[in-house]
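Working notes, beginning with the structure itself.
The values are calculated or read from the model by the stated rules, or taken from the named source; none is laboratory data. Keep in mind that this is a model prediction, so the values were computed, not measured. Neighbour counts are summed over all protein chains in view; Cβ atoms, including those assigned to glycine, are modelled from backbone coordinates with ideal geometry.
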Amino acid sequence: MGFRFKGILIGLCAVFFLTMVNGCLSYRILREAKGNPVALRMEALRVGSTTMGEALAIYGAPSRIAELKGRDLLVYERSVFSQNSIAFGIPITDFAGSSISFSGYTNLTRYDTLVLVFTTDGILEDSVFEQGSALPYLETLFKEEAKRKPLPDHKAVDVLGKRTIPPVNSGE
Amino acid sequence: MRKSIAVFIGMIVCWTVTGCTVIGKTKEYQPFDASKIDALSPGKTVAADVTRLFGAPTEMVKLSNGNAYIYRRAVTKGTALWLVLLTMGNYDTQYDQVALFFDKDNVLTHFGVSLNAEQTAYGLPF
């Protein structure tokens with residue numbers, strides 16, 4: 001008899017707990033990929049000889065086309081947006097006046113990008129490729145960007161580091 | 001007692017898998033006919049022929065030595081799954097694109113085609 005009562009009690013507690021938790025605690029995972037896959041076939045590209053027609057035959061139509069100071073750019077891009085969010089709340093507004101709630105989220109967008117730069121004559125001049133989607137989620141999200149060290153005495157140093165350039169208002 | 005635990009576990013399992021699934025498809029329609037690409041002939045086809053074949057372009061870009069017309073349409077497939085504590089969503093968008101390049105005399109010099117819209121897929125976010 002005692003065992004049966006204990007079982008019913010556990011069951012009632014479980015139902016109560018799940019009813020409380022249902023809708024008050026949630027975890028959401030969202031992924032949004034946009035764009036055609038970008039894969040670099042580097043062996044097919046030769047700076048100085050590959051033409052725009054050859055590049056288009058290999059990679060297809062680009063996501064964006066732009067003109068930049070006399071050069072033509074073909075941009076192939078795919079973005080992958082990832083979101084993880086958690087929300088927790090206890091609805092006690094009816095008897096406490098306000099509710100307890102907590103939520104947090106992380107958003108990360110990574111890009112696969114291939115940029116091909118062509119001369120006016122349509123010859124490949126430069127190419128840049130970045131495969132952001134291969135980067136690890138957590139490491140990328142929480143990695144601190146390297147902080148740039150301030151130059152000593154606010155003086156700029158030239159490329160070779162041999163000569164210091166005085167600040168604008170130094171009077172030197 | 002063993003029976004109560006079994007009932008309790010059964011209830012938790014039922015509760016956890018209770019939910020719903022939604023799948024959806026979105027199309028950004030552009031009525032160009034990809035089968036007409038074979039009619040393009042670099043060095044001969046002019047911009048007017050292209051607009052006659054494919055209609056108005058989605059985008060026109062001024063380039064250093066001419067212009068480019070872009071025709072684009074997209075297909076997005078979304079999948080969402082709601083469980084009691086866990087929600088998962090996945091959206092995938094891919095494009096059918098045709099980029100055509102013209103010289104200063106509006107003659108087609110070269111073009112690129114990517115037909116990926118049909119490769120859009122439903123799925124989970126991992």
- Item | The lone exception for B:Thr51 - which of (1) crowded, with 18+ Cβ neighbours inside 10 Å; (2) out of contact with any strand residue (DSSP E or B) (no Cβ under 6 Å at 6 or more places or on another chain) it fails | (1)
- Query: Of the residues in the range A:42-54, how many are touching a residue at least 40 places away in the same chain (Cβ under 8 Å), surrounded by fewer than 18 Cβ atoms within 10 Å (Cβ to Cβ) and closer than 15 Å to A:Thr119 by Cα?
  - Reply: 6
- Query: Only one residue in B:Thr79, B:Thr109 is buried (at least 17 other Cβ atoms within 10 Å of the Cβ), within 17 Å of A:Ala33 (Cβ to Cβ) and polar (S, T, N, Q). Which one?
  - Reply: B:Thr79
- Matching residues in the range B:38-74 - criterion: being in contact with a Lys or Arg (Cβ under 7 Å, 6 or more places away or on another chain) and either under 20 Å from B:Thr21 (Cβ atoms) or free of Cβ contacts under 8 Å to residues at least 12 places away in the same chain (or both): B:Ser64
- Just one of B:Lys27, B:Lys36, B:Lys62 is within 11 Å of another protein chain (Cβ to nearest Cβ) and closer than 21 Å to A:Pro62 by Cα; which is it? B:Lys62
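Residue by residue, here is whether (1) on the phi > 0 side of the Ramachandran plot; (2) without any contact (Cβ under 8 Å) to a residue 12 or more places away in the chain; (3) more than 9 Å from chain A (Cβ to nearest Cβ); (4) among the acidic types (Asp, Glu) holds:
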site	(1), (2), (3), (4)
B:Leu85	no, no, no, no
B:Asp92	no, no, no, yes
B:Tyr95	no, no, no, no
B:Ala99	no, no, no, no
B:Lys104	no, no, yes, no
B:Leu108	no, no, yes, no
B:Gly112	no, no, no, no
B:Leu115	no, no, no, no
- Message: For the structure I just gave you, tell me whether A:Ile86 is under 30 Å from B:Leu63 (Cα atoms), of a type in the set (A, V, I, L, M, F, W, C), in contact (Cβ under 8 Å) with a residue 24 or more places away in the chain and surrounded by fewer than 17 Cβ atoms within 10 Å (Cβ to Cβ).
- Response: no
- Query: Of all residues in the range A:55-77, which are in contact with a Gly (Cβ under 8 Å, 6 or more places away or on another chain), at the interface with chain B (Cβ under 8 Å from one of its Cβ atoms) and surrounded by fewer than 21 Cβ atoms within 10 Å (Cβ to Cβ)?
  - Reply: A:Ala57, A:Gly60
- Would you mind telling me which numbered condition in (1) at pLDDT 85 or above; (2) in contact with a strand residue (DSSP E or B) (Cβ under 6 Å, 6 or more places away or on another chain); (3) within 23 Å of A:Gly35 (Cα to Cα) B:Ala56 fails? (2)
- Query: Residue check: is B:Thr45 surrounded by 13 or more Cβ atoms within 10 Å (Cβ to Cβ), more than 23 Å from A:Glu77 (Cα to Cα) and touching a Pro at 6+ places or on another chain (Cβ under 7 Å)?
  - Reply: no
- What about B:Lys77, is it of a type in the set (Lys, Arg) and at pLDDT 95 or above? yes
- Conditions (1) farther than 19 Å from A:Glu125 by Cβ; (2) more than 7 Å from chain B (Cβ to nearest Cβ); number of the one not met by A:Leu40: (1)
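State whether the residues of the range B:19-35 include one that is among the polar types (S, T, N, Q), touching an Asp or Glu at 6+ places or on another chain (Cβ under 9 Å) and not in a helix (DSSP H, G or I).
Going residue by residue through the range B:19-35, those that are among the polar types (S, T, N, Q) are B:21, B:26, B:30, B:35.
Keeping just the survivors that are touching an Asp or Glu at 6+ places or on another chain (Cβ under 9 Å) gives B:30.
With the extra rule that they be not in a helix (DSSP H, G or I), the set shrinks to B:30.
Yes.
Does at least one position in the range A:92-99 carry a residue that is closer than 25 Å to A:Leu124 by Cα, more than 8 Å from chain B (Cβ to nearest Cβ) and touching a Ser or Thr at 6+ places or on another chain (Cβ under 9 Å)? Give the steps one after another, and end with the answer.
Keep residues of the range A:92-99 that are closer than 25 Å to A:Leu124 by Cα, which gives none.
No, the range A:92-99 has no match at all.
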